[in-house]
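Here is the structure we will look at.
The values are calculated or read from the model by the stated rules, or taken from the named source; none is laboratory data. On a predicted model such as this, the values are computed, not experimentally measured, just so you know. Cβ placement follows ideal geometry from the backbone for every residue including glycine, while neighbour counts extend to all protein chains displayed.
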Amino acid sequence: MKRILKSNLPELWESISNNFDLFLPMEQGTLINFGAYETDKNIRLDILKTNSSVKEFVFPQTETYLKFKLNKKKLELTPVAVEDREYVLFGVRNCDAASFKVMDNIFLRQPVDTYYKAHRDRGIIVTLACNNPEETCFCSAFGIDASETSPLADIATWEKGDYLYLDAKSEKGEKLLNSVVTLLEDGESSELEELKREIKIKLENLSLRKLDPKKITKTQQDIFEMEDFWEELSKKCLACGSCTFVCPTCHCYDVKDYDGGNSGERYRCWDSCMISDFTRMAHGNPRTSQLQRVRQRFMHKLVYYPKNHDGLYSCVGCGRCIEKCPVGLNIVRVIKRLGEE
C-alpha cells in the first residue's frame, strides 16, 4: 500500500504521462468526461460519475478497420492496426470497472474480437472508491462494493483526508507504481478501515439499497408475455438511444463503409437496439414496434444475459440511464416490476 499527498497529484500525473497515455475525468465544456492529461486541464476526481462511461477506450464509438483505394483499376486494401502504447485510466469508479467483465464475455469469447482485445491488453485501470455515492446509484444490487477494490482493478485508490492511497492489484499495476515509486510513501491498509465503514453506511442509507434483481424469478416466457407492462413502458420511449450510448455495458454496433470515390474506409460504430433501423436486414428490422425494442433492451440486461453468463447481469447500477432518459424510463422500476415488488 502506498499513498501520496493530493496536492502532489499533478506531479504524479505528469510522471505517469511520460511513460503512458494518461486519461482522467476532466471538464470538457459543460460536461465531465475522461480526456487526455494536460497540465492546464481541470481534473475532477471529485465527480462521482463522468457523463459517459470508459467503455469507449476498449470499444470506441467509431473505429476504422480497413482502408481501401482504387489505383489504376487495382483495389488496394490496408488493414488498420491498433496502436500498441499502453494507456492508464485514472479514477475509474467500481461500477464502470465492473462493466469490463460484461464486455469481455462478449468480445473475448470465440471468435475473439482482436481489436477489443488489443485495447483491453494495453489498458491499465486505476479505480477510485466512491466516498459519496448518489441517490441514483444502485451498484450494490449487482454485487459491486463502492468502498472496496474492484476485481477488474490494476490499482485501487481511495481518497482520505489529504492523501490518496494506492494499492497495486495486478502485475500491470505493480509496473505502474514502480515507475513512480519515488513520488510515493508507504501507507497502511488499516488507515482506510474507518473510511470504508463510512462509505458502507452511506450505501446502506441510499433509497435504492434494497433493490434486488435476483427477485426476478418468473420464467423467460412469462416475462416476455407481460404485454400490458411492456406496452405501458414503451409508450413513453422516444427511441433516442440516449440510454444505450451512456450505458457502460451496451455493446451493439454496426459495420459501415465510407465511400470517398476512389478511396474509402470500413469502420465499426455504436448502434442502439432502441432505434427503429437497428439490425436492419434485407427484409427489414425483425423488431417492428417500440414495444419489442424496449422489451429487448431490458430483457437482455436482466434475463437473457444472466441466463447465458452464470448469473452475471448486463447492468452495473451506475444510474446514467436514469439520469439521461428525457422521459424518465427507469430500469429500477423494471427490476421491481419483474420481481413483483
Do we have CYS139 as buried (at least 24 other Cβ atoms within 10 Å of the Cβ) and under 17 Å from the mean Cα position of the chain (by Cα) here? yes
Flagged in the stretch 150-204 as among the basic types (Lys, Arg) and under 19 Å from ASP121 (Cβ atoms), in numbering order, are LYS169, LYS172, LYS175
Residue match in the stretch 22-43 (condition: of a type outside the set (S, T, N, Q), in contact with an Asp or Glu (Cβ under 6 Å, 6 or more places away or on another chain) and modelled with pLDDT of 95 or more): no
Looking at the structure I just gave you, is VAL58 in contact with a His (Cβ under 9 Å, 6 or more places away or on another chain), more than 30 Å from ASP145 (Cα to Cα), surrounded by 12 or more Cβ atoms within 10 Å (Cβ to Cβ) and in the same structural domain as GLU159 (by TED's automatic domain parsing)?
no
Here the residues within the stretch 325-341 that are farther than 15 Å from MET299 by Cβ and among the basic types (Lys, Arg) are LYS336
TRP270 passes all but one of the listed conditions (1) among the aromatic types (Phe, Trp, Tyr); (2) within 29 Å of THR217 (Cβ to Cβ); (3) touching a Pro at 6+ places or on another chain (Cβ under 9 Å); the exception is number (2)
Of those in the stretch 64-123 that are part of a helix (DSSP H, G or I) and among the β-branched types (Val, Ile, Thr), the residue surrounded by the most Cβ atoms within 10 Å (Cβ to Cβ) is VAL102
Filter the stretch 148-167 for residues that are surrounded by fewer than 21 Cβ atoms within 10 Å (Cβ to Cβ) and free of Cβ contacts under 8 Å to residues at least 60 places away in the same chain; the one that is nearest to the chain's Cα centre (by Cα) is LEU152
Scanning the stretch 127-136 residue by residue, those in contact (Cβ under 8 Å) with a residue 40 or more places away in the chain and buried (at least 20 other Cβ atoms within 10 Å of the Cβ) turn out to be LEU128, ALA129, CYS130, PRO133
Across (1) over 25 Å from GLU323 (Cβ atoms); (2) of a type outside the set (Gly, Ala, Ser); (3) in a loop (DSSP other than H, G, I, E, B), ILE144 clears everything bar (1)
Tell me whether the stretch 124-138 contains one or more residues that are part of a helix (DSSP H, G or I), under 30 Å from GLU38 (Cα atoms) and modelled with pLDDT of 95 or more.
no
Among residues of the stretch 319-341 being among the aliphatic types (A, V, I, L, M) and either within 15 Å of THR136 (Cα to Cα) or buried (at least 18 other Cβ atoms within 10 Å of the Cβ) (or both), the residue farthest from the chain's Cα centre (by Cα) is LEU338
